[in-house]
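Note sheet for the following structure.
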Amino acid sequence: MADIVALVGNPNVGKTSLFNALTGSRQYVANWPGVTVSRKEGIRRWRGREIKFVDLPGIYSLGALSLDEKITREYIINEAPEVVVVVVDALNMEQGLYLLLEVLEMRENVMLVVNAIDEARKRGVYINKYELEKHFGVHTVLTSAVTGEGVTELLDKILHMLTSKQVHSLVEITYPEEVEDKINKIVEIIRKKKELHSYKPRWLAVKFLEGDAQVLELLKSCGIEDEISQEEHEKYRSLIASRRYEYIETVMKEAVSSKMEKMSFSEAIDHVMTHRFLGIPIFLSFMYLAFKFTFDVMAPFSELIDSGMAALGDWLRNVMGDGWATSLVVDGVIGGVGGVLVFVPNIFGMFLALGFMEEFGYLPRAAFVVDRLMYKLKLSGRSFMSLILGFGCNVPAIMSTRGIGDPRERLITILVSPFITCSARLPVYLLLVGALFRGKEAAMIFIIYLSSMVLTALSSILWNKILFKGEPVPLIMELPRYRLPTLKNLMLYVWDRGKHFLEKAGSIILIASILIWILGYFPNAGDINTSFAAHMGKALEPIFRPLGFNWKMVTALIFGMAAKEVVVSTFSMLYGFSDEAAAALHQAIAADFTPVTALAFIFFVMAYIPCFATIAAIASESGSWKWAWWSVLYSLSVAYVLALIIVVVGGMIA
């Protein structure tokens with residue numbers, strides 16, 4: 001049985017990088033009980049003992065206002081990990097130490113890790129860990145997740161805490177007299193309640209005075225009523241917070257000495273990157289370069305896979321001969337799954353570009369830059385950070401909204417997230433753009449992605465106007481320092497976000513490809529025009545005729561509801577039965593599509609029904625299937641209207 005060690009810390013303190021350094025490749029993703037929110041866990045065997053590390057969500061406090069904070073607090077209380085490691089940033093320790101004080105009020109067996117110590121030294125900052133240990137009463141380790149400094153010492157200290165079973169004495173902050181009097185009275189009442197013995201009485205008393213909703217509810221269920229007014233709760237909350245910061249300031253004076261220069265490298269660059277007028281053009285330039293890299297640089301790798309799939313199909317056809325079994329393997333499995341795998345290099349290339357920007361520290365600044373624009377949409381930069389994840393997959397984008405404290409803003413972000421172009425739609429774009437817009441691929445992909453962001457913004461305005469009223473919560477966040485990404489972290493980032501695409505290729509896309517082959521092969525042994533798939537598409541073709549879509553396009557859209565990559569698999573079989581090579585498929589599609597029809601189809605795919613996994617995520621995170629079905633109907637309506645406008649305007653121009 002592995003010992004459990006939880007990592008807690010503010011966002012952007014290098015906690016996940018430290019987690020990667022501690023666990024290496026032995027990581028896996030699970031879900032938090034009761035919510036569809038992924039969590040990272042990793043196993044490390046150290047000096048004969050197995051340790052399981054849990055990377056808790058990045059938070060600023062344990063107030064349980066956001067889902068992130070609630071998950072972290074409940075995990076520490078209910079799961080009771082053997083050790084809790086609080087990670088703070090060596091160059092911005094105050095907020096992290098505030099979180100440490102909150103954790104120390106909750107439990108024993110806590111460690112402090114001061115990360116990015118190498119960067120602190122470069123900036124002339126000296127941190128005396130012994131002073132920190134003296135004032136907080138916990139083991140303190142100085143680390144650098146980038147260089148690996150202190151990781152061995154950290155593992156040894158964790159092992160010592162696990163084996164010694166020694167409960168470390170903790171420093172207890174003394175609050176102002178009027179607060180302490182209240183705390184002592186409440187503690188006496190709490191100690192008489194047997195059902196509360198698993199909690200630290202002082203922590204419950206402090207949270208009670210702060211007006212913590214969950215604690216108030218817990219104590220009320222035990223017969224302890226809240227007789228304090230809201231104004232008094234706010235007063236006590238302010239007094240408690242002020243005392244904590246006073247204590248931290250005292251510790252910092254004794255533990256930290258600095259010879260920092262007046263303006264750091266990060267601050268100098270930020271004057272340009274976050275400039276009021278230059279910020280948006282810089283952001284758009286970075287996104288264009290990312291898509292240029294995705295298409296142009298990764299194209300040779302896609303062509304290599306395409307050639308390999310075509311050669312494999314020809315070889316199997318020669319070996320197996322003619323017949324339905326050959327058609328199933330070559331046209332169904334290789335043609336369907338292979339038609340999607342061709343775009344794996346492009347998708348991994350996009351994640352590599354986004355990963356570089358995130359690891360470098362640019363994406364949080366992009367959130368800061370667009371916050372002013374998001375504010376006009378009654379959202380904030382927090383929503384932008386969730387939406388930007390949608391470029392990979394809409395499911396984690398929706399899940400990440402748990403960090404948004406305002407319920408209205410969170411729900412709107414959930415509902416508009418499916419309009420952000422995910423990696424599953426990218427193969428459809430690449431196929432049609434490659435067939436009908438040769439030489440303009442990168443520019444077209446950039447325009448499509450930009451259009452999806454505009455559509456998301458317009459939908460946000462509409463949802464706000466129709467369903468909600470209110471003002472957005474201002475964005476308050478700490479910008480991480482610029483760092484050169486390490487190859488290891490970049491590879492972990494790319495693999496963690498790209499592997500689901502390969503998993504889908506081996507599961508959903510494979511099953512869908514076989515199903516499409518069956519519907520396209522029978523009942524007339526491969527006559528696609530009289531197949532079940534043709535009957536299905538032709539039945540709905542009149543509805544889509546104003547958009548210029550034929551039955552093959554309609555059939556692809558139907559199967560694409562399961563997963564958008566399946567649209568490409570369907571085209572591979574409906575248009576390319578005789579040859580799995582992309583060149584032949586491009587020629588067949590170019591003969592059936594006009595540029596206007598292709599653009600209308602692309603925008604329909606961009607907007608129409610989210611995949612099944614996204615629909616389930618909307619229902620789970622919003623707490624109601626009502627919003628999931630609203631999303632389905634709304635997106636389908638928007639997709640149809642959008643495609644119709646393109647066809648009408650395109651026809652007038654042509």
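Full extension of the segment from S624 to N184, taken as 0.36 nm per residue of separation minus the current Cα-Cα distance, would add 154.2 nm. Straight-line reach from K488: taking Cα to Cα under 13 Å and skipping same-chain neighbours fewer than 8 places apart, the aspartates and glutamates in range are E359, D496.
Expressed to the nearest 5 percent, the antiparallel share of DSSP beta bridges inside the chain is 45 percent. Near V125, the amide H atoms lying under 5 Å from its own belong to K259; only residues 5 or more places off or on other chains count, and H is placed 1.01 Å from N. Residue-wise HN-Hα couplings along region 551-558, as the Karplus relation 6.51 cos²θ - 1.76 cosθ + 1.60 with θ = phi - 60° gives them from phi, are 5, 5, 5, 5, 4, 4, 5, 4 Hz; Gly and Pro carry x.
Per-residue Karplus couplings for region 528-534, computed as 6.51 cos²θ - 1.76 cosθ + 1.60 with θ equal to phi - 60°, are listed in order as 5, 6, 10, 7, 4, 4, 5 Hz, Gly and Pro entered as x.
A cut-off of 5 Å between modelled amide H atoms, ignoring neighbours fewer than 5 places along the same chain, links T143 with V114, N115, A116, I117.
Scalar couplings 3J(HN,Hα) for region 286-301, obtained by applying the Karplus form with A = 6.51, B = -1.76, C = 1.60 to θ = phi - 60°, are 4, 5, 4, 4, 4, 6, 4, 5, 4, 8, 6, 6, 8, 4, x, 5 Hz; x denotes Gly and Pro. Over the chain, dividing the summed -39,500 (n - 2.57) contributions of all DSSP H runs of at least 4 residues by the number of residues returns a 222 nm mean residue ellipticity of -19000 deg cm²/dmol.
The overall shape of region 298-347, judged from the alpha-carbon gyration tensor, is oblate: a/c is not under 1.5, and a/b is no greater than b/c. For region 34-136, the antiparallel share of DSSP beta bridges with both residues in that region comes to about 55%.
Can you tell me how region 177-258 classifies by the Cα gyration tensor, rounded, prolate or oblate, using a/c under 1.5 as the rounded cut?
Since a/c reaches 1.5 and a/b is larger than b/c, the shape of region 177-258 is classed as prolate.
Each peptide in 279-292, 237-250 was scored by the mean count of other Cβ atoms within 10 Å over its residues; highest first, the order is 279-292, 237-250.
Find the all-direction average of the projected area of the Cα convex hull for region 285-375, expressing the result in square nanometres with one decimal place. Over every viewing direction, the Cα hull of region 285-375 projects on average to 8.0 nm². Cα-Cα over 28 Å: which of K134/K259; K15/K499; K440/K538? From the list (K134/K259; K15/K499; K440/K538), the Cα-Cα distance tops 28 Å for K440/K538. Amide hydrogen proximity for N92: with H placed 1.01 Å from N in the peptide plane, no residue at 5 or more positions away or on another chain lies under 5 Å.
Among the listed values (i) 244; (ii) 183; (iii) 165, the one matching volume of the Cα convex hull per residue in Å³ as calculated from this structure is (ii).
For the chain, the solvent-accessible area of protein heavy atoms averages 43 Å² per residue (probe radius 1.4 Å; ligands and nucleic acids excluded). Shape class for region 215-343, computed from the alpha carbon gyration tensor (a ≥ b ≥ c): oblate, with a/c not under 1.5 and a/b at or below b/c. In terms of overall dimensions, region 3-163 has a Cα radius of gyration and Dmax of 14.7, 46 angstrom.
The values are calculated or read from the model by the stated rules, or taken from the named source; none is laboratory data. Bear in mind that the values here come from a model prediction, so they are computed numbers and not experimental data. Note that each Cβ is placed from the backbone with ideal geometry, even for glycine, and that neighbours are counted across all protein chains shown. Heavy atoms of the whole protein, side chains included, go into the accessibility calculation; ligands, DNA and RNA do not. Shrake-Rupley method; radii C 1.70, N 1.55, O 1.52, S 1.80 Å.
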